[in-house]
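Participant: Here you go, one structure.
What follows draws every value from the coordinates through simple rules; no lab data is involved. None of these values were measured; they are calculated from a predicted model. Quick reminder, even Gly has a Cβ in these numbers, built from the backbone with ideal geometry, and neighbours come from all protein chains shown.
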Amino acid sequence: MPVTIATPALPDEAPEHYLARLGTVFARFDRQDSGNVSYGVVVDGERHFVKTAGHPDHAPFLDHAQRVGLLRNAVRLARAYRHPALPALHTVVESAHGPMLVYDWADGELVGVPREQRDDPASAYHRFRSLPADRVLAVLDTVFDVHDLLGRNGEVAGDFYDGCLIYDFTTRDVAVIDLDTYRPGPYRNDMGRMFGSSRFMAPEEFTLGALIDQRTSVFTMGRTARVFLGDHLPGPLNGVVTRACRPDPADRHASLPEFCAAWHDARSHLG
Ligand SMILES: Nc1ncnc2c1ncn2[C@@H]1O[C@H](COP(=O)(O)OP(=O)(O)OP(=O)(O)O)[C@@H](O)[C@H]1O
Ligand SMILES: [Mg+2]
């Protein structure tokens with residue numbers, strides 16, 4: 001049988017060894033806040049993104065068991081929801097360091113960059129925000145379409161920010177990555193300051209005990225439009241985004257599908 005990326009790992013085999021045995025590792029992501037270690041690997045001419053929880057002894061913020069828990073949640077999400085903008089999950093291979101999630105590789109550049117690079121004209125963030133508004137709007141349409149699907153199924157976004165978007169400036173395709181902390185809601189904020197980038201976070205994500213529901217996700221979607229287009233949002237869309245970003249959840253759209261419907265409606269009035 002040919003060796004494929006679905007081949008079981010050897011007993012006690014670590015991801016790095018397994019991947020190097022099967023193919024060529026061309027990228028390594030080992031400085032993530034999450035403590036996860038991920039890889040770009042080419043096997044049989046196919047590129048994959050392989051996400052792992054990293055070494056079991058490593059416990060930066062979440063311990064290994066918690067990181068594995070989030071990866072199992074990512075598997076649940078990937079199996080439940082298919083969308084052209086979500087890199088497909090091919091398989092899960094168990095290793096000495098827990099599950100290896102094998103996704104399609106997404107071409108392009110991460111839109112989110114470290115703060116000090118945001119003003120650098122060469123950065124993907126700066127180039128993305130400098131695109132003509134209709135191209136950025138097309139990306140927002142896709143991001144909201146993904147969240148419409150998730151919202152219709154009761155999921156609440158977690159830790160969504162510009163670092164969850166990979167944009168291909170040539171094909172204009174966008175991929176939405178890292179849904180690991182999305183979960184069915186509503187639920188209570190049990191962290192105080194939750195995971196996330198404050199530019200995209202709603203007030204209730206900073207308040208211990210506050211209710212987190214899809215209105216929280218609506219705020220994040222609104223902020224996404226605001227961060228990318230600032231004051232360049234055409235009138236009807238500006239109204240939708242202003243409502244989405246209201247501090248009191250009761251003043252926002254009641255759910256992701258409601259927000260998405262309002263966005264679509266305003267889009268269709270742009271002409
Ligand atoms: N499907 C993919 N194809 C190509 N690159 C990817 C893919 N998914 C993620 N990446 C790259 O790998 C990096 C890490 O992925 P991801 O954000 O899912 O990991 P994480 O461990 O949750 O990290 P973080 O702490 O930043 O949330 C991303 O910033 C992105 O550059
Ligand atoms: Mg993450």
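Participant: Using the C-alpha gyration tensor of region 98-192, what are the square roots of 5 times its eigenvalues, in whole angstrom, with the largest one first?
Facilitator: Numbers: eigenvalues 130, 51, 47 Å².
That gives 25, 16, 15 Å for the three semi-axes.
Participant: Still on this structure, please answer the following. Need the C-alpha centroid separation for region 80-118 versus region 152-191, integer Å.
Facilitator: Cα centroid to Cα centroid, the span is 11 Å.
Participant: Could you tell me how many degrees, from 0 to 90 and to the nearest 10, lie between the Cα long axis of helix 64-80 and the main elongation axis, the longest principal axis, of the Cα atoms of the chain?
Facilitator: Orientation of helix 64-80: about 70 degrees from the principal axis.
Participant: Against the 2.2 N^0.38 Å scaling, with N counting residues, where does region 15-104 land? I'd like the Cα-based Rg ratio to two decimal places. Don't skip to the answer; put the middle values down first.
Facilitator: Working: Rg = 12.7 Å, N = 90, 2.2 N^0.38 = 12.2 Å.
Against the compact-globule rule of thumb, the ratio is 1.04.
Participant: Right, next: Which order, highest average first, do 49-55, 59-65 follow once you tally other Cβ atoms within 10 Å for each residue and take the mean per peptide?
Facilitator: Details: 49-55: 24.1, 59-65: 13.9.
Ranked by mean Cβ neighbours within 10 Å, highest first: 49-55, 59-65.
Participant: In which sequence would M100, M221, M191, M201 go, from the one with the fewest C-beta neighbours within 10 Å to the one with the most?
Facilitator: Working: M100 25, M221 29, M191 11, M201 20.
Arranged by neighbour count, lowest to highest, M100, M221, M191, M201 become M191, M201, M100, M221.
Participant: With +1 on each Lys and Arg Cβ and -1 on each Asp and Glu Cβ, how big is the dipole of the chain about its Cα centre, in debye rounded to the nearest 20?
Facilitator: Dipole size: approximately 440 debye.
Participant: Once the convex hull of the C-alpha atoms of the chain is built, how many Å³ does it hold per residue, rounded to a whole number? Intermediate values should be presented prior to the final figure.
Facilitator: Numbers: hull volume 36.3 nm³, N = 271.
Normalising the Cα hull of the chain by residue number yields 134 Å³.
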